[in-house]
Amino acid sequence: MNRSLESVKAEIKKVLRGKDTVIDMVLCTLLAKGHILLEDIPGVGKTTLAVALSRTLSMDYKRMQFTPDVLPSDILGFQMYDKNTGEFHFMTGAIFCNLFLADEINRTSPKTQSALLEVMEERKVTVDGKTSDLPNPFFVIATQNPIGASGTQKLPDSQLDRFFVRLSIGYPDRASAAEILMGKSSEQLSSVNPVLTIDELLAMQEQTEQVFVDDCLYTYIVDLVEKTRNTDYLSQGISPRGSIAILKLAKAYAFYNNRDFLAPDDILSVFYSVANHRLMLSTKAKAEGLSDYDVIESLLGQVPVPKLSK
């Protein structure tokens, strides 16, 4: 693992125990310049992860609790009239930061959810015809409770597709649970130290983009994606935006593991995290009791793994 990122991971592990795989995927997503959706029950450390991440990477961080009365202007900002000058001035919203935590995003209205569409795609905010750039880097980490929980609103597919990955932290294992009870928990967020500057992160993002990709791996990703669009077990496959996310995240995974070239295993390692929220199970899959994981694993096994040219 990259040494600088290993230090970041070590700091986050001070407050999030036994979740190495989730931390790895979060850091890879940041390298790929992607946004993250954390779907889980309350109280498992979603907010703790976001706060610890912002501290370790020296990022300006803002958190907004999404409720039914949150308005788009609360997030994006608004034009305020100054009676002294007779002019309007733009008042920035909470989104103007490096890391924006949208807590329980599926508890607010669809209108407010849609306010994030342009922000997440273009990293720009348009209010009353005026467009403003967001800070660089800019990431959204959104948390949501499982669909069907009281007071939740399903995120539209167009917004789900803008998240690189959907991750689940899950319950801690027995050893980690015991450490939490002994006081080694999120109460110690103050112990998390900054170990990476924003400039260093931006440099790593540039290096990630330079990871070499053999031509056969582009075709491999296309073949995998095509499988999701041509199966009786899925009524909706992966979009072109999803294909790009697979490539970028796989390159980040390679860089994260100290390689300057992409391997098939990198693609397979990130595929489920990128695909799981973009797919829609068919009636046939549901009738057979299959999960999205079952279907994805089956499809991955149907595509021959290419051999890299020497």
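Return a yes/no flag: does segment 115-127 have any residue that is hydroxyl-bearing (S, T, Y) and touching a Leu at 6+ places or on another chain (Cβ under 9 Å).
yes
Yes/no per residue for (1) in contact with a Lys or Arg (Cβ under 7 Å, 6 or more places away or on another chain); (2) at pLDDT below 95; (3) crowded, with 19+ Cβ neighbours inside 10 Å:
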position: E179; (1), (2), (3): yes, yes, no
position: M182; (1), (2), (3): no, yes, no
position: S186; (1), (2), (3): no, yes, no
position: D199; (1), (2), (3): no, yes, no
position: I221; (1), (2), (3): no, no, yes
position: A254; (1), (2), (3): no, no, yes
position: D266; (1), (2), (3): no, no, yes
position: V274; (1), (2), (3): no, no, yes
position: K286; (1), (2), (3): no, yes, no
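Could you tell me whether T208 is touching a residue at least 40 places away in the same chain (Cβ under 8 Å), under 30 Å from E11 (Cα atoms) and of a type in the set (V, I, T)?
yes
Run down L290, L268 and say which single residue is free of Cβ contacts under 8 Å to residues at least 60 places away in the same chain, farther than 22 Å from S158 by Cα and in a helix (DSSP H, G or I).
Just one listed residue meets the conditions, L268.
Any idea which of V26, V15 is in a loop (DSSP other than H, G, I, E, B) and surrounded by 18 or more Cβ atoms within 10 Å (Cβ to Cβ)?
Criteria check complete, one pass: V15.
Residues L308, L281: which one is outside the structural domain of L234 (by TED's automatic domain parsing) and either loosely packed, with under 13 Cβ neighbours inside 10 Å or modelled with pLDDT under 95 (or both)?
Within the list L308, L281, the selection yields L308.
How about segment 52-77: which of its residues are among the hydrophobic types (A, V, I, L, M, F, W, C) and in contact with a Ser or Thr (Cβ under 9 Å, 6 or more places away or on another chain)?
Correct list: A52, L57, F66, V70, L71, I75, L76.
For segment 119-135, enumerate the residues that are in contact with a strand residue (DSSP E or B) (Cβ under 6 Å, 6 or more places away or on another chain) and of a type outside the set (V, I, T).
The answer is M120, K124, D128, S132, D133.
Please report, ordered by residue number, the helices (runs of 4 or more DSSP H) entirely within segment 149-246 with at least 3 residues that are farther than 23 Å from V303 by Cα and of a type outside the set (S, T, Y).
Filter on segment 149-246 gives 157-160, 174-181, 198-209.
Identify all residues within segment 1-23 that are of a type in the set (D, E) and farther than 13 Å from S168 by Cα; write none if there are none.
If the condition is that a residue be of a type in the set (D, E) and farther than 13 Å from S168 by Cα, then E6, E11 are the ones that fit.
Would you check if A250 is within 30 Å of V8 (Cα to Cα) and part of a helix (DSSP H, G or I)?
Yes, satisfied.
The values are calculated or read from the model by the stated rules, or taken from the named source; none is laboratory data. Nothing here was measured: the structure is a model prediction, and the numbers come from that model. Positions of Cβ are backbone-derived with ideal geometry, glycine not excepted, and every protein chain shown enters the neighbour counts.
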